[in-house]
Each structure stands twice: as structure tokens, then as C-alpha cells.
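Take a look at the structure set out below.
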Amino acid sequence: MKRKWVLAGMAILAVCALLAAGAKAQASGTPHAGPSAPAGEKKAEEQFKNIQVLKGVPAEQIFPTMQFITASLGVECDFCHVQGAFEKDEKKTKQTARKMMEMMFAINKDNFEGHRDVTCYSCHRGSAEPVGTPPVMTDEPKGAMGGPKKPEGETKEYSGPSPDQLLEKYLQAVGGAAAVDKVTSRVMTGAIEFSGKSLPIDIYSKDADKRISFTHMPEGDNVTAFNGHEGWLGAPGRPLREMHGSDLDGAAIDADLHLPTHLRNMFIDMRGRGTEKIDNREAYVVTGFREGKPPILLSFDEQSGLLVRLVRFGETALGQMPTQIDYADYRDAGGVKIPYRWTLARPGGRFTIQVSEVKENVPVDDAKFVKPAAPPEPPKPPAK
Ligand code: HEC
Ligand code: HEC
């Protein structure tokens with residue numbers, strides 16, 4: 001049932017939300033066990049009933065943290081939780097998980113100067129039972145294809161163009177700053193594909209920072225919206241869900257109509273990282289560091305200069321959750337090149353949006369971006 005919920009969620013997700021994660025090694029270590037809630041923000045133990053280890057963690061990070069665990073162990077919520085009563089400690093696995101959190105914090109404190117270098121995923125690798133013995137070779141070596149994927153030049157000194165040059169080339173490749181800034185609205189129609197299904201989707205963008213998408217399902221529309229400061233998810237028959245933390249952060253990036261001109265200002269520092277192969281083409285990878293937020297990885301096609309991949313990370317109490325967006329099928333839309341296809345992937349799932357029609361600078365009603373009134377809803381486990 002959990003799986004079904006996740007799949008239903010996929011459609012909502014047009015650009016954000018709550019899938020599970022597989023901890024990816026962090027690009028920058030956080031020098032403490034888990035993030036503490038800034039003053040004034042609700043702490044986990046104030047919102048939930050039985051928090052013993054994750055005390056002090058922002059309440060809004062509990063679900064992302066749980067998704068991090070789920071993805072790291074390759075299990076569903078009910079591996080540790082009794083249905084409808086997340087606070088109960090009936091399952092031994094939940095109690096073990098608490099001990100594991102303490103162990104993880106201690107390992108990092110004692111061995112890695114408090115940097116969160118070891119996470120649940122380091123040992124579990126998508127399985128509830130970590131394997132302690134290396135596997136035998138069951139296949140002929142596949143040469144360059146085998147082994148863990150890493151940007152190739154990562155260990156070497158980066159020798160590609162400077163991040164500034166890459167950003168500039170990208171901006172020129174899409175049509176230049178003036179062309180980008182001339183876009184005040186965009187309406188896209190197409191299809192969203194996930195788990196073998198395809199549903200029609202309409203996406204409206206306006207004012208460089210507002211965006212709403214409607215995925216048309218037989219039972220009604222799934223909505224993903226960002227109005228410049230608030231984000232929300234709507235699904236037929238379910239209460240509106242507000243976006244928080246990294247979901248909101250991601251939604252703001254996805255909503256940015258002027259991303260090619262805004263990228264530079266997003267970062268306090270940028271560093272070349274190496275190259276990687278995306279779709280059989282070489283791309284330069286750059287890390288963009290942000291103030292108080294996890295870094296973002298950007299990959300630019302070596303030839304065309306276009307942005308072909310963006311990886312962002314959501315902070316949780318135990319590790320970071322990656323979201324990777326691959327952009328493809330760049331075409332001209334009223335003087336600016338934009339991707340007509342993108343694939344958003346997370347540890348828990350993926351979907352692809354293929355756009356078939358784009359209209360630039362057509363009127364889009366402001367009313368579209370007004371958040372529907374909903375009774376204040378304390379974040380609750382998803383309805384079953
Ligand atoms: C491997 C075990 C494990 C899995 C899988 C897991 N959790 Fe948890 N969950 C815990 C532990 C342990 C705690 C208590 C943390 C603490 O004491 O600080 C917890 C606490 C919670 C709480 C707070 C309950 C309360 O009121 O105190 C919620 C809500 C929750 N989990 C939801 C989920 C959801 C949703 C999923 C699936 C996405 C999930 N969990 C998957 C181990 C797990
Ligand atoms: C240093 C390695 C390591 C880390 C880090 C680690 N685990 Fe484990 N975990 C193990 C090993 C090994 C076992 C199996 C122990 C056994 O077989 O008795 C295990 C077992 C478990 C089990 C019991 C599984 C079962 O089938 O009963 C849970 C639940 C669990 N871990 C959760 C977590 C969570 C959640 C985290 C992150 C907070 C985590 N672990 C981090 C090594 C690790």
C-alpha cells in the first residue's frame with residue numbers, strides 16, 4: 001500500500017516532493033550529527049509524540065529523514081512502523097534503527113571529526129542486511145562501464161574551462177541574456193511519463209518565479225505549484241500539502257524562467273569538479289556552493305555548452321537526499337533555447353516530462369498562482 005502511495009505521489013511530483021532517498025556522499029560535510037532547528041522553528045519533539053534520538057531536528061525534516069532511511073535500507077515505512085501509529089515502538093526494527101542512529105553519530109564523531117561521512121547508506125546500500133563479504137566476480141569485467149560512477153576528473157586537478165566561462169557559454173548557447181530576460185511567461189503542454197504510464201500535463205510559468213503544473217488524471221488533476229514564496233501539492237481527494245525546506249528550495253529552482261541569467265547569483269562560490277558522460281556525451285561538472293543550503297551540481301555539455309544535468313540535495317537529519325534532473329531535446333522557443341524533455345530522478349522513483357507545445361509571453365492569469373484555502377493541516381503521515 002505504501003508503494004501505491006508512492007506511485008500516486010509520482011504524478012504529483014511534477015517537480016518536488018516526497019520520494020525516498022539514497023544517501024549520496026555529501027559534497028560538503030556537515031560538522032555535527034544532525035541539523036538543529038533554528039530558533040522559532042518547530043522541533044521534531046514538539047510536533048511528534050515519541051522522538052528520542054532526533055531531538056532538536058527541525059520538525060519539517062522528519063519525513064525527509066524517514067525517506068532517507070527507507071531508501072538507504074530498501075524498505076517501506078511498515079518495516080519499522082505499525083500502520084496508522086508512527087509513534088508506537090512495537091517493532092524491533094524501529095528500536096534497532098534508533099540504536100543505529102546513535103551508532104552513526106558516534107562513528108562520525110569519533111572518526112570523522114563530526115563530519116557526516118558515514119550514513120545509513122554507507123553500510124546498508126539499499127538493503128536491510130548489510131553485506132560484510134565482497135562478492136565474487138560473476139561476469140567478465142566490463143571495463144570502463146563497471147565500477148561506481150564518479151565524475152571522471154574528480155581526483156585530478158580540474159583543467160576544464162572556469163565555472164564563469166561555462167555559465168557564460170551556457171547563457172550564449174540558449175540565446176543570450178536579453179533573449180532570456182524577455183520571457184515573461186511560458187505555457188507548456190506535453191506528457192508526464194512514469195512507471196510505464198503517460199498522462200497529459202500543462203505547465204504555466206510567469207514572472208520568472210511562479211509556476212504551476214496540472215497532471216490530468218481520470219480522477220482529477222495533480223497539482224504542483226510555486227508562487228514565488230510558497231509551494232504546494234494538490235491531489236484529487238487529498239488535502240493540500242504545503243512544501244517545506246528542500247522541496248520548496250527545489251521548486252523555486254524549477255520555477256525559475258530566467259535560470260540561465262540567475263544561476264550566477266545563486267552561488268557564493270563555484271568550483272570545477274571534472275567531467276562525466278551524460279547520454280554518451282562529455283559534460284563538465286561544476287559544484288555551486290550556496291549560503292546555508294546544500295550545494296548544487298551543474299553539468300554543461302562540452303560541445304553545445306547547454307545545461308544537461310542539475311543535481312540538488314535535500315538536507316535530512318541523517319544524510320542528504322539527491323534529486324537529479326537531466327535536460328534534453330533543447331529547441332528554440334521564441335528566441336530562447338529550452339529543454340523540451342527532462343527527467344527528474346530520486347532514489348525512490350523518476351519521471352520524464354516531454355513537452356510538445358510551448359507558448360511564450362502569452363497572458364497567464366495571476367489567479368492560477370493563488371494558493372487554495374485549506375484548513376490548517378498539521379503534517380501527518382500520508383493517508384493510506
Ligand atoms: C528502519 C526503520 C524506520 C523506517 C523504515 C521508517 N521509520 Fe519512521 N521512525 C523510525 C524511528 C527509529 C523513529 C523515532 C526516531 C526518534 O526516536 O528520534 C521514527 C519516527 C517516525 C515518526 C514520528 C512518530 C512520532 O509521533 O513520534 C514518523 C511520523 C515517522 N517515523 C514516519 C515514517 C514514515 C512516513 C516512513 C516511511 C517513509 C518511516 N517513518 C520509515 C524508524 C523508521
Ligand atoms: C557501520 C555500518 C552501519 C551503519 C552506519 C548503519 N547500519 Fe544498520 N545495520 C548494520 C549491520 C551490520 C546490521 C545487521 C546486524 C545483524 O545482522 O544483526 C544492521 C541492521 C540494521 C537494522 C535491522 C535490520 C533487520 O533486518 O532486523 C536496522 C533497522 C538498521 N540497521 C537501520 C539502520 C539505520 C536507520 C541506519 C542509519 C541511521 C543504519 N542502520 C546505519 C550496519 C550499519
Next on the checklist: Any residue that is small (G, A, S), at pLDDT 95 or above, crowded, with 16+ Cβ neighbours inside 10 Å and not in a helix (DSSP H, G or I) - is there at least one of those in the range 213-223?
Outcome noted: yes
Next on the checklist: I want to confirm something. Restricting to the range 112-126 and keeping residues that are touching a residue at least 12 places away in the same chain (Cβ under 8 Å) and outside any loop (DSSP other than H, G, I, E, B), which single residue is farthest from ligand 2 (Cβ to nearest atom)?
Outcome noted: Y121
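Scan T316, T323 and give me the residue that is closer than 21 Å to N108 by Cβ, in the same structural domain as L259 (by TED's automatic domain parsing) and among the hydroxyl-bearing types (S, T, Y).
Only one candidate qualifies: T316.
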Checklist outcome for this item: When (1) closer than 19 Å to Q320 by Cα; (2) more than 8 Å from ligand 1 (Cβ to nearest atom) are applied to D110, the one that fails is (1)
Checklist entry - So which residues in the range 334-346 are at pLDDT 95 or above and either touching a Lys or Arg at 6+ places or on another chain (Cβ under 9 Å) or more than 19 Å from M243 (Cα to Cα) (or both)? => result V336, K337, I338, P339, Y340, R341, W342, T343, L344
Checklist entry - Yes or no: K109 at pLDDT 50 or above, more than 18 Å from the chain's Cα centre (by Cα), within 11 Å of ligand 2 (Cβ to nearest atom) and outside any loop (DSSP other than H, G, I, E, B)? => result no
Checklist entry - When the residues of the range 70-90 are filtered to those that are touching a His at 6+ places or on another chain (Cβ under 9 Å) and outside any loop (DSSP other than H, G, I, E, B), which remaining residue is nearest to K42 (Cα to Cα)? => result S72
Next on the checklist: For the range 284-324, give me the residue count where each residue is assigned to a strand (DSSP E or B), in contact with a helix residue (DSSP H, G or I) (Cβ under 9 Å, 6 or more places away or on another chain) and more than 22 Å from P161 (Cβ to Cβ).
Outcome noted: 9
Checklist entry - For the range 347-368, how many residues meet the condition of being modelled with pLDDT under 95 and within 26 Å of R312 (Cα to Cα)? => result 3
Checklist entry - If the Cβ limit is 9 Å and pairs must be 6+ apart or interchain, which residue in the range 127-142 that is free of Cβ contacts under 8 Å to residues at least 60 places away in the same chain and not assigned by TED's automatic domain parsing to the domain that holds I69 pairs with which residue that is small (G, A, S) and more than 16 Å from ligand 1 (Cβ to nearest atom)? => result D139/G146
Checklist outcome for this item: Condition set surrounded by fewer than 20 Cβ atoms within 10 Å (Cβ to Cβ) and among the aliphatic types (A, V, I, L, M), scope the range 63-93, selection nearest to ligand 2 (Cβ to nearest atom): answer is V75
Checklist entry - Does E45 qualify as being in contact (Cβ under 8 Å) with a residue 12 or more places away in the chain and away from ligand 2 (no atom under 13 Å from the Cβ)? => result no
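From the list D247, D256, exactly one residue is of a type in the set (D, E), over 18 Å from Q165 (Cβ atoms) and at pLDDT 95 or above. Which is it?
Working: D247 fails: at pLDDT 95 or above.
Of D247, D256, the one residue that is of a type in the set (D, E), over 18 Å from Q165 (Cβ atoms) and at pLDDT 95 or above is D256.
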Checklist entry - Only one of A59, A85, A37, A71 is in contact (Cβ under 8 Å) with a residue 60 or more places away in the chain, farther than 22 Å from R125 by Cβ and among the small types (G, A, S); which? => result A59
Checklist outcome for this item: When G349 is run through (1) under 30 Å from K109 (Cα atoms); (2) in contact (Cβ under 8 Å) with a residue 40 or more places away in the chain; (3) under 14 Å from the mean Cα position of the chain (by Cα), the failure sits at (1)
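Can you tell me which residue among G132, G190 is at pLDDT 90 or above and either in contact with a helix residue (DSSP H, G or I) (Cβ under 6 Å, 6 or more places away or on another chain) or surrounded by 12 or more Cβ atoms within 10 Å (Cβ to Cβ) (or both)?
So the residue among G132, G190 that is at pLDDT 90 or above and either in contact with a helix residue (DSSP H, G or I) (Cβ under 6 Å, 6 or more places away or on another chain) or surrounded by 12 or more Cβ atoms within 10 Å (Cβ to Cβ) (or both) is G190.
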Next on the checklist: Looking at T93, T65, can you tell me which residue is on the phi < 0 side of the Ramachandran plot, assigned to a helix (DSSP H, G or I), near ligand 1 (Cβ under 6 Å from one of its atoms) and polar (S, T, N, Q)?
Outcome noted: T93
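The values are calculated or read from the model by the stated rules, or taken from the named source; none is laboratory data. Predicted model, so just to flag it, every value in this text is computed and none were measured. Reconstructed Cβ throughout: ideal geometry from the backbone, glycine too, with neighbour counts over all protein chains shown.
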